[in-house]
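Let me begin by presenting the structure, written as structure tokens, before commenting on it.
The values are calculated or read from the model by the stated rules, or taken from the named source; none is laboratory data. What you see is a predicted model; the values in this text were computed from it and never measured. Please note: Cβ atoms are built from the backbone with ideal geometry, for glycine as well, and neighbour counts cover all protein chains shown. Keep in mind that these areas ignore ligands, DNA and RNA; they rest on the heavy atoms of the full protein, side chains included. Shrake-Rupley method; radii C 1.70, N 1.55, O 1.52, S 1.80 Å.
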Amino acid sequence: VIGDTLCPNKNLLFSDSSTAQNSTVNQWRWAFGDGNSDSIQSPIKKYSTHGVYTATLVVKNSEGCTSNPASKQITIYKQPVVDAGDNIVTPENISVILKATINDSTAFKYLWRPSIYLNKDTILNPICTPQFTTTYKILAYGFGNCLATDTVKVTVLKQLIIPNAFSPNGDNINDRWEINFLNDYPQCKIEIFNRAGHRVYFSVGYNGPWDGQLNGSPLPVATYYYIIELNNNGYTKLSGGVTIIR
């Protein structure tokens with residue numbers, strides 16, 4: 001057998017090295033041990049399931065003489081079937097478990113790449129404590145060079161930094177109420193109210209920093225009150241004050 005990947009559904013080349021004294025070998029009868037056979041000199045064969053098979057070859061020369069059977073035992077190893085699990089969304093530095101599954105958890109070895117933020121990169125279900133969004137790939141491998149891979153994306157929601165003041169005076173310095181990392185929350189809802197309780201700003205999704213205007217007109221210097229609903233992973237509402245300075 002020629003081939004270094006002894007896994008189900010992988011091509012293996014069976015090669016005959018028989019010789020016949022004063023004649024030539026011109027007939028072959030292969031039996032692969034799984035109920036299938038072939039009659040060419042060097043057949044290519046796939047085994048559909050893992051197991052131990054005995055392949056047998058009988059040849060005949062041009063004078064009609066038949067050889068004794070020659071046999072060889074072939075081990076086809078189990079093919080891993082791995083699923084890295086559903087994509088994960090988590091706040092930064094909050095530990096989550098990568099929920100990979102496989103068809104036989106004891107039959108294979110594992111390797112995760114990259115290994116950053118993982119407590120161990122050689123187990124099926126490592127603990128991930130991420131600081132940045134990362135896509136992980138798991139490699140599951142066993143005997144016979146049988147391997148499988150899959151990926152999972154861990155999206156990290158960074159801690160929001162909400163300024164308590166800005167100065168929309170047109171000098172291009174701190175002209176907008178910019179909230180770092182809020183665009184990581186695509187379903188967020190932002191509302192801003194004046195002291196009388198009238199809403200002066202509303203947005204679903206972070207469509208850009210607030211410029212301190214209402215209907216195109218600058219709002220007066222004052223403290224305004226915001227409510228931000230992140231609508232992601234059970235977060236509560238965020239609220240506080242932001243002051244317009246000119």
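Worth a mention:
- Only residues that are open to solvent by 60 Å² or more (accessible area, probe 1.4 Å), touching a residue at least 60 places away in the same chain (Cβ under 8 Å) and outside any loop (DSSP other than H, G, I, E, B) were counted across the range 67-90, and they come to 3.
- Scanning the range 44-66 for residues that are touching a residue at least 12 places away in the same chain (Cβ under 8 Å) and among the β-branched types (V, I, T), we see that the one that is farthest from S23 (Cα to Cα) is T49.
- Filter result for N93 (open to solvent by 60 Å² or more (accessible area, probe 1.4 Å), outside any strand (DSSP E or B), at pLDDT 95 or above and farther than 18 Å from F32 by Cβ): no
- V96 being under 16 Å from the mean Cα position of the chain (by Cα), of a type in the set (A, V, I, L, M) and under 30 Å from N231 (Cα atoms): yes
- The range 122-134: number of residues that are open to solvent by less than 50 Å² (accessible area, probe 1.4 Å) and under 14 Å from the mean Cα position of the chain (by Cα): 4
- Hits in the range 182-210 - residues which are surrounded by 15 or more Cβ atoms within 10 Å (Cβ to Cβ) and in a loop (DSSP other than H, G, I, E, B): Y185, C188, N194, Y206, P209
- Residue match in the range 143-157 (condition: over 30 Å from R113 (Cβ atoms) and open to solvent by less than 50 Å² (accessible area, probe 1.4 Å)): no
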